[in-house]
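Notes follow once the structure below has been shown.
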Amino acid sequence: MCNEYLVARDLGVFIDSDLSMETHVKRNVSRCFSTLRQLRGIRRQVPTAVFQSLIVALILSRLDYCNSILAGLPVNLIRRLQTVQNAAARLTFGIRRSEHITYALASLHWLHVTECILFKVAVLTYRAVNGSTPEYLSSYFVRVANVPTRLWLRSSTP
């Protein structure tokens, strides 16, 4: 049996034949670090606000794209995506690897990768439940009519 597996690409997402998403994470991390290396060369030539906009547009948008399919991935793959985000924050503020990154992420108002994934799944679920998604998503949820907004306790009924 061959150890290689097939990879399909659809809408920029690489899907392994075993649905591990390992290829997607590897390629995404590789592209992001390549972009960060290019951005390092112009860090001193542009204002900080412009540089932060470039990081958000070129790095974070790539990490956030279709990240809801990454829910439930193993910790080692999520950690690789988190290293990209940490490297982007370090480059933005000029922080060394030995220094803590938590305050930099907080000051940039960036969620950790796991929090971004959970947030995206929560937003998609909320929209599907409330009917503001396409029919193919909202059809999985059943709307119950005439549900009281306040549940009465048995002892409080007449």
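Which numbered condition trips up Leu108, out of (1) surrounded by fewer than 16 Cβ atoms within 10 Å (Cβ to Cβ); (2) over 15 Å from the mean Cα position of the chain (by Cα); (3) at pLDDT 90 or above; (4) not aromatic (Phe, Trp, Tyr)? Unmet condition: (1). For the criterion of being modelled with pLDDT of 90 or more and among the hydrophobic types (A, V, I, L, M, F, W, C), Ala8 fails. Reported count of residues in the stretch 27-58, each being under 23 Å from Ile69 (Cα atoms), of a type in the set (Lys, Arg) and either in a loop (DSSP other than H, G, I, E, B) or in contact (Cβ under 8 Å) with a residue 24 or more places away in the chain (or both), is 1. Residue pairs whose Cβ atoms lie under 9 Å apart, sitting 6 or more positions apart in sequence or on different chains, and linking a residue in the stretch 111-137 that is at pLDDT below 90 to a partner that is surrounded by 14 or more Cβ atoms within 10 Å (Cβ to Cβ) and of a type in the set (D, E, K, R), are Thr133/Arg127; Leu137/Arg127. Within the bounds of the stretch 94-109, is there any residue that is out of contact with any His (no Cβ under 7 Å at 6 or more places or on another chain), within 19 Å of Arg27 (Cα to Cα), assigned to a loop (DSSP other than H, G, I, E, B) and in contact (Cβ under 8 Å) with a residue 12 or more places away in the chain? Scanning the stretch 94-109 turns up no residue that is out of contact with any His (no Cβ under 7 Å at 6 or more places or on another chain), within 19 Å of Arg27 (Cα to Cα), assigned to a loop (DSSP other than H, G, I, E, B) and in contact (Cβ under 8 Å) with a residue 12 or more places away in the chain.
Looking at the structure I just gave you, is Ser68 out of contact with any Gly (no Cβ under 9 Å at 6 or more places or on another chain), closer than 14 Å to Thr114 by Cβ and not β-branched (Val, Ile, Thr)? Yes, satisfied.
The values are calculated or read from the model by the stated rules, or taken from the named source; none is laboratory data. Predicted model only: the values in this text are computed from it and were never measured. Positions of Cβ are backbone-derived with ideal geometry, glycine not excepted, and every protein chain shown enters the neighbour counts.
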